[in-house]
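Engineer: This is the structure I have questions about; it appears just below.
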Protein chains: 2
Amino acid sequence: VSIVCLNGEFLAPESARIAATDAGFLLGDGAFETIRVEEGQLLFHREHFARLDRALRVLEIPTHHGPEELLAMCQQVIDANELNLARLRVTVSRGPVRGLPAAGGEGEATLFIAATPMDPGIRARREQGIRAVLSNIARNHRSPLASIKSLSYAESLLARREAVRLGFDEALLLNTDGRLAEAAMANVFVVREGIVQTPPVREGALPGIIRGALLRHAGDCGLRLEEAPLHLSDLVAADEVAVTNTMLLVMPVVAVGERLVGDGRPGPVTRGLLGVAEELVAAQLSAYED
Amino acid sequence: VSIVCLNGEFLAPESARIAATDAGFLLGDGAFETIRVEEGQLLFHREHFARLDRALRVLEIPTHHGPEELLAMCQQVIDANELNLARLRVTVSRGPVRGLPAAGGEGEATLFIAATPMDPGIRARREQGIRAVLSNIARNHRSPLASIKSLSYAESLLARREAVRLGFDEALLLNTDGRLAEAAMANVFVVREGIVQTPPVREGALPGIIRGALLRHAGDCGLRLEEAPLHLSDLVAADEVAVTNTMLLVMPVVAVGERLVGDGRPGPVTRGLLGVAEELVAAQLSAYED
């Protein structure tokens with residue numbers, strides 16, 4: 001990968017430099033999206049760009065690029081790097097700030113687009129499932145930051161690092177009222193007696209793109225999926241647990257801490273959810289072909 | 001101001017550029033300190049550097065600069081800019097990250113030091129006091145981020161911006177259990193019947209440098225100051241309220257929302273606290289002279 005896009009310019013990564021006074025760097029003042037790329041096409045980009053817009057409105061960061069222009073720049077990064085299966089990240093910050101020596105460009109948001117090939121290990125991990133641990137860190141579900149992907153991402157990093165240090169793949173986070181919120185870097189789904197439930201956004205779940213697509217379309221495929229506040233007891237009693245995000249799609253969780261979920265193998269409802277997600281991906285791709 | 005320090009190099013601000021793949025920019029993965037400078041000297045630098053070290057340990061970011069080297073670089077920034085009364089910011093991030101096109105320097109932390117003249121309006125505002133509003137945003141006092149100054153600072157920014165939008169100077173934040181935590185960018189002190197109380201760190205207060213110095217030394221000056229969990233009712237019943245940070249030292253809060261604190265003017269105990277802070281500053285300066 002040798003081309004990134006910084007503020008509309010296409011550059012080698014080593015040339016993509018931002019001011020050290022950028023508010024994204026000094027204050028975590030910005031937002032990002034991670035977008036799935038298949039067959040060289042950006043999937044669910046409307047949903048990603050709408051969520052990015054919402055985050056920037058919450059942060060009161062004015063944007064200078066419309067969705068069409070943004071899409072064109074993203075596509076150009078993918079094409080320039082000849083990527084097929086990839087992960088593309090769009091990062092927007094407030095740009096250089098006052099109150100510290102500012103290197104010009106005052107009041108101009110910073111836009112950075114970069115892409116990397118998709119992690120090839122995801123498919124194999126889906127066969128086995130991953131192991132999650134309950135984090136000691138609680139998600140403050142009432143914070144305005146809980147429902148946006150802001151650059152102030154250290155809490156999720158800490159939760160994930162703690163999980164990895166303990167020998168797990170991912171962390172599950174409760175909210176500050178003790179109910180299930182999400183995973184460090186994914187949404188969480190709990191299956192019991194064939195019914196799939198996921199915490200509502202107001203409980204501290206990021207409004208994930210795959211999560212949203214599954215909520216809208218799982219019913220069409222005969223799966224019963226609904227939002228519901230979930231307690232630790234629901235997690236303990238689950239037949240299946242899964243996490244979803246743009247890169248994983250649907251990933252079975254086969255253990256939570258030392259306790260196996262069900263028989264410790266990916267279950268049929270999770271497989272059904274993955275099928276729905278794969279159909280939605282295929283529908284996105286065929287829309288490109290039209 | 002025309003000289004900053006980036007990774008040990010002294011540069012014009014417009015030349016201080018970091019990789020767009022810096023974890024500080026992409027993920028808010030780093031920490032900072034804002035240090036008071038008087039007579040061209042860094043005050044409480046031992047305390048600031050110790051707190052920075054602690055933050056970097058929490059974030060598992062290895063540092064490459066000892067306190068002596070860091071102090072020398074900070075002092076050089078102040079001297080190069082011929083600053084007398086100033087605010088110096090030390091920013092440390094994990095540096096460029098993997099998983100996105102990284103522009104070399106992998107695994108090397110980024111260190112950025114910049115200083116600006118002190119806001120000359122602080123003294124006048126102390127005479128009048130400031131007006132604070134109770135934020136809708138709650139501080140998650142159980143998060144490991146609550147007690148460090150991380151680069152994931154968007155929540156404090158949102159609280160401050162909300163206050164300013166409503167016509168106030170600062171926001172007071174409750175913790176997620178509904179007790180008083182701190183101000184958006186300062187610690188909070190409540191005075192009743194001559195006794196000063198401030199929330200403990202476990203309640204969501206950042207371990208502020210001025211806060212810590214006051215807690216250690218106010219008693220010597222005949223002030224009764226203690227840590228205590230504080231409820232909204234304590235705030236409502238307060239004779240005086242003040243906020244402290246490195247740049248404000250001790251700032252009277254004369255109104256919380258539409259309600260005046262006491263008679264709406266800075267009170268004698270707050271003046272006493274400011275006197276203690278000013279003595280501590282003077283002691284720091286005379287230590288430099290020795």
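The values are calculated or read from the model by the stated rules, or taken from the named source; none is laboratory data. What you see is a predicted model; the values in this text were computed from it and never measured. A quick note on method: Cβ atoms are made from the backbone with ideal geometry, for glycine too, and the neighbour counts reach across all protein chains shown. Accessible surface is based on the protein model in full, side chains and every heavy atom, while ligands, DNA and RNA are left aside. Shrake-Rupley method; radii C 1.70, N 1.55, O 1.52, S 1.80 Å.
Engineer: Of (1) in contact (Cβ under 8 Å) with a residue 60 or more places away in the chain; (2) facing chain A (nearest Cβ under 10 Å); (3) more than 18 Å from the chain's Cα centre (by Cα), B:Arg98 satisfies all except one. Which?
Structural biologist: Of the numbered conditions (1) in contact (Cβ under 8 Å) with a residue 60 or more places away in the chain; (2) facing chain A (nearest Cβ under 10 Å); (3) more than 18 Å from the chain's Cα centre (by Cα), the odd one out for B:Arg98 is (1).
Engineer: So which residues in the stretch A:221-245 are among the β-branched types (Val, Ile, Thr) and surrounded by 21 or more Cβ atoms within 10 Å (Cβ to Cβ)? Steps first, answer last, please.
Structural biologist: Our first condition is that a residue be among the β-branched types (Val, Ile, Thr); within the stretch A:221-245, this holds for A:236, A:241, A:243-244.
Across the stretch A:221-245, the qualifying residues are A:Val241, A:Val243, A:Thr244.
Engineer: For B:Val256, which of the numbered conditions (1) free of Cβ contacts under 8 Å to residues at least 60 places away in the same chain; (2) closer than 22 Å to B:Gly208 by Cα fails to hold?
Structural biologist: It fails just one condition, (1).
Engineer: What residue, among those in the stretch A:161-184 that are outside any loop (DSSP other than H, G, I, E, B) and surrounded by fewer than 21 Cβ atoms within 10 Å (Cβ to Cβ), is nearest to the other protein chains (Cβ to nearest Cβ)?
Structural biologist: Selected residue: A:Arg161.
Engineer: For the structure I just gave you, tell me whether A:Arg98 is modelled with pLDDT under 95, basic (Lys, Arg) and open to solvent by 20 Å² or more (accessible area, probe 1.4 Å).
Structural biologist: Working: modelled with pLDDT under 95: yes; basic (Lys, Arg): yes; open to solvent by 20 Å² or more (accessible area, probe 1.4 Å): yes.
So A:Arg98 passes the test.
Engineer: Where in the stretch B:1-76 are there strands (runs of 3 or more DSSP E), lying wholly inside it, with at least 1 residues that are more than 19 Å from the chain's Cα centre (by Cα), within 14 Å of another protein chain (Cβ to nearest Cβ) and surrounded by fewer than 23 Cβ atoms within 10 Å (Cβ to Cβ)? Before you say what the answer is, go through the steps one by one.
Structural biologist: Details: elements: B:4-6, B:9-11, B:17-19, B:30-38.
Per the criteria, B:4-6, B:9-11, B:17-19.
Engineer: Please tell me if A:Asp220 is closer than 18 Å to A:Arg271 by Cα and over 19 Å from the mean Cα position of the chain (by Cα).
Structural biologist: yes
Residues checked against (1) more than 23 Å from the chain's Cα centre (by Cα); (2) of a type outside the set (A, V, I, L, M, F, W, C):
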{"position": "A:Val236", "(1), (2)": "yes, no"}
{"position": "A:Asp239", "(1), (2)": "yes, yes"}
{"position": "A:Glu258", "(1), (2)": "yes, yes"}
{"position": "A:Gly264", "(1), (2)": "yes, yes"}
{"position": "A:Thr270", "(1), (2)": "no, yes"}
{"position": "A:Glu279", "(1), (2)": "no, yes"}
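Engineer: Scan the stretch A:208-220 and give yes if some residue there is open to solvent by 20 Å² or more (accessible area, probe 1.4 Å) and either in a loop (DSSP other than H, G, I, E, B) or within 14 Å of another protein chain (Cβ to nearest Cβ) (or both), otherwise no. Talk me through it step by step, then tell me what you get.
Structural biologist: Start the filter on the stretch A:208-220 by keeping residues that are open to solvent by 20 Å² or more (accessible area, probe 1.4 Å), which leaves A:215-217, A:219-220.
Still in the list and also either in a loop (DSSP other than H, G, I, E, B) or within 14 Å of another protein chain (Cβ to nearest Cβ) (or both): none.
Taking every residue of the stretch A:208-220 in turn, none turns out to be open to solvent by 20 Å² or more (accessible area, probe 1.4 Å) and either in a loop (DSSP other than H, G, I, E, B) or within 14 Å of another protein chain (Cβ to nearest Cβ) (or both).
Engineer: Test A:Leu145 against the criterion of being open to solvent by 10 Å² or more (accessible area, probe 1.4 Å), within 14 Å of another protein chain (Cβ to nearest Cβ), aliphatic (A, V, I, L, M) and over 27 Å from A:Leu260 (Cβ atoms), and give yes or no. Break it down into steps so the answer makes sense when it comes.
Structural biologist: On the way: open to solvent by 10 Å² or more (accessible area, probe 1.4 Å): yes; within 14 Å of another protein chain (Cβ to nearest Cβ): yes; aliphatic (A, V, I, L, M): yes; over 27 Å from A:Leu260 (Cβ atoms): yes.
Yes; evaluated as a whole, the condition is true for this residue.
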